[in-house]
Structure formats: structure tokens, C-alpha cells
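Before any comments, here is the structure.
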């Protein structure tokens with residue numbers, strides 16, 4: 001199964017990433033935490049998957065290349081996210097992967113330390129769409145083998161309704177899907193502290 005990992009990432013600019021966490025630990029340290037989380041996620045992507053970094057803002061390609069280029073295989077791609085809301089940007093990422101020859105596209109962020117290589121490999125072996133729910137009501141993984149833009153429209157992004165609205169859209173489309181066990185992403189100080197307690201590899205910046 002040829003899977004492409006599509007990572008939806010932001011440039012690690014202080015004040016622009018992990019803003020809820022930054023309230024407690026400061027903007028510079030929060031940006032450092034974001035970098036740790038993303039770098040950890042990259043180590044968990046199965047080696048046979050092709051990786052595409054869909055980054056924002058679009059003018060930060062040099063920063064993204066300098067940061068992640070040395071950590072990625074030579075065939076990794078860096079593509080600026082298209083204009084529009086998150087649904088438009090995710091839809092474009094899925095289209096790119098499928099049009100590039102992938103049999104499945106795994107949409108991933110960079111801030112869920114529990115999204116391991118074992119979970120990703122198991123998801124790739126499943127039939128149909130696979131969703132990794134986030135504890136906060138969103139999702140940390142969406143593995144698609146086909147595309148329909150309606151899956152990403154009328155979604156209240158960054159709210160607790162994202163997962164429910166997405167599964168409702170899948171039901172309307174008649175697509176089979178499988179829900180994994182919920183995982184926690186790191187958004188605030190409490191979740192960051194739990195992350196550090198669970199894995200000594202994560203440290204204060």
C-alpha cells in the first residue's frame with residue numbers, strides 16, 4: 001500500500017504557534033515545544049511512506065527547509081498551503097497526494113506525541129477511511145483513499161465539533177471508516193506536562 005504522509009505544519013515562529021501554551025511558558029519556549037513535537041512526529045512516520053510538508057505561511061519555505069530538510073528523506077516535498085480555510089487547505093493536500101500516485105493519504109499534524117509508527121502502520125493496513133480522534137473533539141489522523149471536497153466543508157474547525165461533523169460527512173458520502181482510540185494533542189500547559197511525564201524524551205526548551 002503506497003501511503004503519502006501529508007503534514008499540515010506552521011513555521012515555528014514565536015507568537016504564531018502554540019499560542020495557548022505560550023500564555024503560560026512564553027512565546028519562544030512554546031515555539032521550541034512545537035519544534036520538538038514535530039520532529040518527534042517525523043520519527044514515527046513509516047520509512048516507506050512518502051512525506052509532504054504542507055506549510056504556512058507560504059513565504060516561509062526557507063525556514064521550513066532549513067529546519068526540516070536535514071531530517072527528511074531526499075524525496076520529501078515542501079509545498080505551501082493554498083489560501084483558504086483549513087478545509088480548503090486539507091482538501092488540496094489530499095488531492096495532491098492522490099494525484100501523485102498515492103493509494104492513501106494520511107493527514108497528520110505535528111502535535112500528537114501518541115501518534116506512533118505502530119498506529120500509523122496499522123491504519124495503513126485497514127480498509128477504508130481511518131480516523132484518529134483527538135480527545136478535544138477533533139482528529140490527529142485522517143487516512144483517506146479517495147477524495148470528496150464535501151468532507152471538508154461546513155466544518156467548525158478548531159472546535160469540539162470537528163470529529164462529529166466529519167463522521168457525519170462520511171456517513172452522507174457512504175464511505176466506510178474506522179475510528180481509532182482517542183489521543184491527546186499538546187495545546188496547553190496541562191497537556192504539555194502530561195506529555196513530558198509520559199515520555200522523558202520531551203523536555204523544557
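Any read-out appearing in this document is the output of simple, stated calculations on the displayed coordinates, not a laboratory observation. For clarity, every value in this text was computed on a predicted model and none was experimentally measured. With ideal geometry, Cβ positions are generated from the backbone for all residues, glycine too; neighbour counts draw on all protein chains shown.
Neighbouring Cβ atoms within 10 Å as the yardstick, rank 96, 4 fewest first.
In increasing order of surrounding Cβ atoms, one gets 96, 4.
Helix 189-198 versus the longest principal axis of the chain: what is the Cα-based angle in degrees, 0 to 90, to the nearest 10?
On a 0 to 90 degree scale, this one is about 90.
Using r as the Cβ-Cβ distance of residue 88 and residue 201, and R0 as 25 Å, what FRET efficiency do you calculate, to the nearest 0.05?
0.10
Can you give me the distance in nm between label points at residue 126 and residue 23, each placed 7 Å from the Cα along the Cα-to-Cβ direction?
Distance between the two pseudo-spin positions: 3.2 nm.
Tell me, in nm to one decimal, what length is gained between residue 61 and residue 160 on full extension, where the rule is 0.36 nm per residue of separation less the Cα-Cα distance?
Full-extension gain reported as 32.5 nm.
Go ahead and collect, in residue order, the members of the stretch 86-121 whose backbone nitrogen is under 15 Å from a label point 7 Å along the Cα-Cβ direction of residue 43.
The answer is 111-118.
Can you sort 112, 95 from fewest to most other Cβ atoms within 10 Å of each residue's own Cβ?
Ascending Cβ contact count within 10 Å gives the list 95, 112.
Relative to the longest principal axis of the chain, what angle (0 to 90°, nearest 10) does the C-alpha long axis of helix 27-44 take?
50 degrees
Using the alpha-carbon atoms, what tilt in degrees (0 to 90, nearest 10) does helix 86-99 show relative to the longest principal axis of the chain?
Long axis of 86-99 versus the principal axis of the chain: about 60 degrees.
Is the stretch 24-97 best put as rounded, prolate or oblate by its Cα gyration tensor, with a ≥ b ≥ c the root eigenvalues, rounded for a/c under 1.5, and otherwise prolate when a/b is larger than b/c, oblate when not?
oblate
What's the center-to-center distance, using Cα atoms, between the stretch 36-69 and the stretch 98-140 in Å?
Centre-to-centre distance over Cα atoms comes out at 16 Å.
To one decimal place, what Kirkwood hydrodynamic radius in Å is obtained for the chain from all pairs of distinct Cα atoms?
For the chain, inverting the mean 1/r across all distinct Cα pairs yields 17.2 Å.
Give the calculated FRET efficiency between residue 153 and residue 116 to the nearest 0.05, with a Förster radius of 30 Å applied to their Cβ-Cβ distance.
Plugging the Cβ-Cβ distance into 1/(1 + (r/R0)^6) gives 0.45.
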